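Just so you know, all these numbers are worked out from the coordinates, no wet-lab data involved. All of these numbers come straight from a predicted model, not from anything done at the bench. FYI the Cβ positions are ideal-geometry reconstructions off the backbone, even for glycines, and counts take in every protein chain you see.
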Amino acid sequence: MLGAPTAGRPQNGPVSTPASPPAAGPATSPGAVPRRALVVDDERALADVVRSYLERDGFEVRTAADGEAGLELVRPFDPDVVVLDLGLPGMDGIEVCRSLRTFSDCYVIMLTARADEVDTLVGLSVGADDYMTKPFSPRELMARVRTLLRRPRASDRPAEPPVAPLVVGDLRIDTAAREVHRDGEPVALTRTEFDVLAALAARPHAVLSRSALIEAVWGGNWVGDEHLVDVHVLHVRQKLGDSATEQRYVRTVRGVGYRIGTGR
């Protein structure tokens, strides 16, 4: 488990740091351009272990010990994935992620030292794709990295033939342009929030369980807490001016999952 206690930064539980990662299959095939990962964490020992696991998996890796240095690396390095600590000194992980999202669509996995729901909600609301609570297993981190990378980044998506936008009342979901408009006004959703909404809208008469949404958005090999879906649904509702009481656009089917609403 990674996330050793550091003076002035309480962590959860005991930690053991493996001397070296086990052998694993490379993230890229021979001759292919290696995937790139950026690790931003002020705990040097943790960052070094994460780096070694990523490199063993075929990644080209850079590390940074604070938010400012991490942001300076993003533009020239153009990482496919960023492993980002929430509790950085100076500019914290929330501000780093918010700034990063103004110019990069790389995947972001947020690390937090606390299991506070507030940390999770805030981290995902500014554009993180996933989160892990310290201490964590580096093998689980690698599994989540691989799962995220199976979802193509917006800049990697091949051109697709025109598809009619999905319409839910006054809500227009353009899956080709990855744009959402409500009553003609654009709605700014993160990539994952868009994918959750589009997955529901694509099956207007179906109720999708958390596991079905995980399969549709994150892929069948995703590992972690399925309640991550609830967090993204909450943010989608908030950004659409919806609520758990009104449920105009996203409806909860108690004990089963979610379905798209009618807009009324």
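Does E95 count as free of Cβ contacts under 8 Å to residues at least 12 places away in the same chain and either under 23 Å from P135 (Cα atoms) or under 17 Å from the mean Cα position of the chain (by Cα) (or both)?
Judged against the criteria, E95 is not a match.
What number of residues in the range 222-246 are polar (S, T, N, Q) and in contact with a Lys or Arg (Cβ under 8 Å, 6 or more places away or on another chain)?
Qualifying residue count for the region: 1.
If I ask for residues that are out of contact with any helix residue (DSSP H, G or I) (no Cβ under 8 Å at 6 or more places or on another chain) and charged (D, E, K, R), which ones from the range 248-263 would you list?
Selection gives R248, R251, R254.
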